[in-house]
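Trainee: First the structure, which I've put down as C-alpha cells, then a few questions once you've had a look.
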Amino acid sequence: MATPLRLDICVENALNGGFPRLLEPVHVLVANMLRSLRQLFSAENNPVVSELLSQCQEDVTSLIFRLKKSDLEDYQLDKSSEFDMATHLGMRNHMYAVLLQGCYEAVIEHVYIVGGETAESLQTILDLFRKRCEVAALLKDNTSGRKAAGQSEQSVLSLSYLTKINRHLFIRNNVHAPIRILRTDLTFVQYIVASTSSLLRTRITQSTFDDGDFRRCVELGKAFLHVLITEDSDSSLISHQPKKGHSVLGSIIDSLRTVNETVVHLWPDRVIEYMEGLGGGASGSTDNAVLGTLSIFMDTVSKYLGDRTPLYKEAANMMQLLMTSCNQLDRYSDSFVDQTKRVIRWLDGLSKERPIEDVALAREIVSLLVHLCSETADFITITYLAQDLHALHGDLEVTYDSDEEEEPEDPLPQVHYAILNPRTCGACTTQILSFLDHLYEDMTWAIGRLKLMEPGEDNTCAFEREICKRLISYLQITSEFTKAVLLGSHAESLIKVLTKMYKTLMSLAKYKLSRPREISQDFVSVISLASSGVTDKMYKFLTIYGQQHGDLLSTSVSKKSKGKEKQGQYSKEKVSQT
C-alpha cells in the first residue's frame, strides 16, 4: 500500500543530500483543507459541488485509513534513522517527522468533529494518536544538535476543537458515554490538556483571537474548574504521574491558569464576565467576582491537603493559580483591603495549623502570604514569620557566646507557624530575603520622589511619615535575620539586603540634612532602630561570616595543594619507573 503522503516533495533537496528547506508545510495544508471541507458540508450546495464534495470525502476517508495503517518505516523513519540536526540527513528526517506529526493531529481533529462520538470514530482517533505518539517519541529520543532555522513544531489543532473535546472529556459524568473510551487513555487526556495550554500561550504572544474565542475560554475555564472541584487523591488523573512534569490534574491546573492569563491579556475589560462564568457570582463587582472564584480555589487547596494522601504538588500549582487571581482584585476599591485580608487569614491559618514539609508548597504559601501582607501594609505577620525563621536557624548570641559544655534544654525551637520547620526554613528564608531586597529598592525610589515634593506641605509631611513608618517595619524584619545564624547563600542574600538598606537610609539622611529644621520624631525612630536593632547585630554577623568564609577558603586551598602533591608524587614515580 502506497504511503498517503509524499514527504520528499515537501522538502527541498530531500533526495540528493543537499541542505533541506521546507517547501510545503503539508500538515497546515491538510488542516486547512479539512476545515474548508467541513464548512462546505455544512452549507447548501448545488448538485455539482455536492458531487465533488462526495468525491473529496471518499479521498479523505482513504487518507485517514492509509495514515492509520502506515508505519514509520514507510516514511523512511525509524529508530535507526539519523536525527542529528548538524547533518543534512538529520535535518531532513526531523522535517519529515514534524510534518507527519502535524498531519496526524489534523486528521484526529477532523475525525472527532465529523465522526462524532461513535465507538468507531473514537477508536480511529486512538489509533491515529498512537501513531502520533510514535513520531513524538522518535523526535524526543533521537533529535540532537541545533534546530533548523524557520522550522516550526506548532500544533495545527484549532481552539474550537480543543474546547469541544475538553468539555466532553471533563464535564460529562455518564460512565457509559462513548467518550469514556478517550477518557480512559490518560496519555491522550494529557496531550489534549497540554495542547490547549500551548495554543493559548501562542494566542497571548501573537495577540490574535476570533470573535468566539472569549466564549471558548469561558467554557475551557468551566471544564477545568469542574475537574479541580470533583477530583481528589483517588482520581485516575493522579495515578498517571510521569517521572518529570505534572500529573494530568497538575496539567489541568496549569492550563486553567493559562486560560485566566489569556482572558486578562486579550480581554481585560471582560474579566468580571469571565469570573462570573466560572461561578464567581453575578454581582457585577470585580472584587466580589474574583473573591467568589478565590473561595473555590481555597476550598480546593484545603481539600487536596485534607485527603488521605495529600496532593502537595497539585496544591502548589493551585497556589500559583491563587496568586494570578489575587492580582485581579481592584486595588482602588474601598473593599480591597477587606477582601485581601480574607485571603490572608486563610493563608495565615493554613501556615499555623498544617506542618507541611513539602518545600515547593511551603515556598508558594509563604510567597503569597508575604505578597498579600505587603499589599495591605500588614508587616506584623511578616515579622512573626521572620522571628520563627530566626528561631529555626539559631541565635548568634546563644550559638557563639554560650558555654560549649551547656546543652540546650529544648533542641527543637518553638515556632508559631507549623509550616516553618527544618525542611522548609531554607526556602522560606530565601523568599523573605528576596522580598526585603525589592522593598528597599522601592523605598529608595519613594525617597527620590519625596525630594521632588514641595517642603512643608501637608502631602509632603504625610508621605514622609508613611515612608518612615514603612522603614521601621522593614528594619524590624531585617533585625531578626541579623540575629540569626545564616550560612552560605542565605548569608550572602542578607549582605545584599543590608547593602540596599544602608543605601536607602543614606538617601533618607541626605534628604533630611537638606532640611535640618524638619527633623521629625518618625525620622529619629528610624535612625534609632537602624542603629540598635540592625547595625549592632550586623557587626557580629559579619565577623562570624568572615571567619566561616575564611575557613572554607583555607579548606579548599589545602585540598587543592594535597591534590597537587599527590599528582607530583605520581609523576615522579612514573618517571623513575621509565
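The values are calculated or read from the model by the stated rules, or taken from the named source; none is laboratory data. Since the model is a prediction, treat every value here as computed from it, not as a measurement. Cβ coordinates were reconstructed from backbone atoms using ideal geometry, including for glycine residues, and neighbour counts include every protein chain displayed. Ligands, DNA and RNA are stripped out before the accessible areas are found, and what is left, the full protein with its side chains, is counted by its heavy atoms. Shrake-Rupley method; radii C 1.70, N 1.55, O 1.52, S 1.80 Å.
Trainee: Could you grab the pairs with beta carbons closer than 8 Å, sequence gap of 6+ or different chains, first residue in region 53-65 and among the hydrophobic types (A, V, I, L, M, F, W, C), second one open to solvent by 80 Å² or more (accessible area, probe 1.4 Å)?
Mentor: Leu53/Phe41
Trainee: Does Thr324 satisfy the condition of being touching a residue at least 60 places away in the same chain (Cβ under 8 Å), open to solvent by less than 40 Å² (accessible area, probe 1.4 Å), touching a helix residue (DSSP H, G or I) at 6+ places or on another chain (Cβ under 9 Å) and under 16 Å from Leu225 (Cα atoms)? Spell out the reasoning first.
Mentor: Details: touching a residue at least 60 places away in the same chain (Cβ under 8 Å): yes; open to solvent by less than 40 Å² (accessible area, probe 1.4 Å): yes; touching a helix residue (DSSP H, G or I) at 6+ places or on another chain (Cβ under 9 Å): yes; under 16 Å from Leu225 (Cα atoms): yes.
Spelling it out, Thr324 is indeed touching a residue at least 60 places away in the same chain (Cβ under 8 Å), open to solvent by less than 40 Å² (accessible area, probe 1.4 Å), touching a helix residue (DSSP H, G or I) at 6+ places or on another chain (Cβ under 9 Å) and under 16 Å from Leu225 (Cα atoms).
Trainee: Looking at Ile229, Ile296, which is the one that is open to solvent by 50 Å² or more (accessible area, probe 1.4 Å), at pLDDT 80 or above and among the aliphatic types (A, V, I, L, M)?
Mentor: Values: Ile296 fails: open to solvent by 50 Å² or more (accessible area, probe 1.4 Å).
Result: Ile229 is the single residue among Ile229, Ile296 that is open to solvent by 50 Å² or more (accessible area, probe 1.4 Å), at pLDDT 80 or above and among the aliphatic types (A, V, I, L, M).
Trainee: What are the pairs, 6+ residues apart or on separate chains, where a residue within region 470-483 that is within 18 Å of Val524 (Cβ to Cβ) and of a type outside the set (Phe, Trp, Tyr) has its Cβ under 7 Å from a residue that is in a helix (DSSP H, G or I) and open to solvent by 20 Å² or more (accessible area, probe 1.4 Å)?
Mentor: Ile472/Ser525; Ile472/Leu529; Leu475/Leu529; Ser479/Lys537
Trainee: Could you grab the pairs with beta carbons closer than 6 Å, sequence gap of 6+ or different chains, first residue in region 383-394 and of a type outside the set (Gly, Ala, Ser), second one open to solvent by less than 40 Å² (accessible area, probe 1.4 Å) and assigned to a helix (DSSP H, G or I)?
Mentor: Filtered contacts from region 383-394: Thr383/Ile477; Gln387/Glu480; Leu389/Cys425; Leu389/Thr429; His390/Glu480; Leu392/Cys425.
Trainee: Right, next: Going through Thr444, Thr460 one at a time, which residue ends up being farther than 15 Å from Ile382 by Cβ, touching a residue at least 24 places away in the same chain (Cβ under 8 Å) and not acidic (Asp, Glu)?
Mentor: Details: Thr460 fails: touching a residue at least 24 places away in the same chain (Cβ under 8 Å).
One residue alone meets the criteria, Thr444.
Trainee: Do we find that Arg363 is out of contact with any Leu (no Cβ under 9 Å at 6 or more places or on another chain), part of a helix (DSSP H, G or I), at pLDDT 90 or above and not aliphatic (A, V, I, L, M) in this structure? Lay out the reasoning, then the answer.
Mentor: Values: out of contact with any Leu (no Cβ under 9 Å at 6 or more places or on another chain): yes; part of a helix (DSSP H, G or I): yes; at pLDDT 90 or above: yes; not aliphatic (A, V, I, L, M): yes.
Against the criterion (out of contact with any Leu (no Cβ under 9 Å at 6 or more places or on another chain), part of a helix (DSSP H, G or I), at pLDDT 90 or above and not aliphatic (A, V, I, L, M)), Arg363 qualifies.
Trainee: May I ask you to list the residues in region 440-450 that are open to solvent by less than 90 Å² (accessible area, probe 1.4 Å) and of a type in the set (D, E, K, R)? Give the derivation first.
Mentor: Residues of region 440-450 open to solvent by less than 90 Å² (accessible area, probe 1.4 Å): 440-441, 443-444, 446-448, 450.
Scanning region 440-450 gives a single hit, Glu441.
Trainee: Quick check, is Ser62 open to solvent by 10 Å² or more (accessible area, probe 1.4 Å) and in a helix (DSSP H, G or I)? Break it down into steps so the answer makes sense when it comes.
Mentor: Numbers: open to solvent by 10 Å² or more (accessible area, probe 1.4 Å): yes; in a helix (DSSP H, G or I): yes.
Yes; evaluated as a whole, the condition is true for this residue.
Trainee: Can you go through Ser507, Ser493, Ser576, Ser531 and tell me which one is modelled with pLDDT under 85, open to solvent by less than 100 Å² (accessible area, probe 1.4 Å) and part of a helix (DSSP H, G or I)? Break it down into steps so the answer makes sense when it comes.
Mentor: Values: Ser507 fails: modelled with pLDDT under 85; Ser493 fails: modelled with pLDDT under 85; Ser531 fails: modelled with pLDDT under 85.
Just a single option satisfies the conditions, and that option is Ser576.
Trainee: A further question on this structure: Restricted to region 464-488, and to residues that are among the polar types (S, T, N, Q) and within 13 Å of Phe379 (Cα to Cα), which residue is most open to solvent (accessible area, probe 1.4 Å)? Before the answer, list the steps.
Mentor: Step one: list which residues in region 464-488 are among the polar types (S, T, N, Q), which gives 473, 476, 478-479, 482.
Filter once more, so that each one left must be within 13 Å of Phe379 (Cα to Cα): 473, 476, 478.
Numbers: Ser473: 23, Gln476: 72, Thr478: 0 Å².
That would be Gln476.
Trainee: Go through region 451-463 and give me each residue that's part of a helix (DSSP H, G or I), at pLDDT 85 or above and open to solvent by 50 Å² or more (accessible area, probe 1.4 Å). Let's see the steps before the verdict.
Mentor: Taking region 451-463 and keeping what is part of a helix (DSSP H, G or I), we get 451, 458-463.
Checking the rest, the ones that are also at pLDDT 85 or above come to 451, 459-463.
Lys451, Asn459, Cys461, Phe463 - these are the residues of region 451-463 that are part of a helix (DSSP H, G or I), at pLDDT 85 or above and open to solvent by 50 Å² or more (accessible area, probe 1.4 Å).
Trainee: When the residues of region 1-59 are narrowed to those that are acidic (Asp, Glu) and open to solvent by 60 Å² or more (accessible area, probe 1.4 Å), which ends up modelled with the lowest pLDDT? Please lay out each step first, then the result.
Mentor: Filtering region 1-59 for residues acidic (Asp, Glu) gives 8, 12, 24, 44, 51, 58-59.
Checking the rest, the ones that are also open to solvent by 60 Å² or more (accessible area, probe 1.4 Å) come to 12, 24, 44, 51, 58-59.
On the way: Glu12: 87, Glu24: 89, Glu44: 75, Glu51: 84, Glu58: 89, Asp59: 90.
Of everything passing the filter in region 1-59, Glu44 is modelled with the lowest pLDDT.
Trainee: Given the criteria closer than 19 Å to Asn317 by Cβ, of a type in the set (Val, Ile, Thr) and modelled with pLDDT under 90, does Ile253 qualify?
Mentor: Values: closer than 19 Å to Asn317 by Cβ: yes; of a type in the set (Val, Ile, Thr): yes; modelled with pLDDT under 90: no.
The answer is no for Ile253.
Trainee: Is it true that Thr460 is touching an Asp or Glu at 6+ places or on another chain (Cβ under 8 Å) and β-branched (Val, Ile, Thr)? Steps first, please.
Mentor: Working: touching an Asp or Glu at 6+ places or on another chain (Cβ under 8 Å): yes; β-branched (Val, Ile, Thr): yes.
In short, yes.
Trainee: If Met95 meets every condition in (1) in contact with a strand residue (DSSP E or B) (Cβ under 7 Å, 6 or more places away or on another chain); (2) in a loop (DSSP other than H, G, I, E, B) apart from one, which number is that one?
Mentor: Going through (1) in contact with a strand residue (DSSP E or B) (Cβ under 7 Å, 6 or more places away or on another chain); (2) in a loop (DSSP other than H, G, I, E, B) one by one, Met95 breaks only (2).
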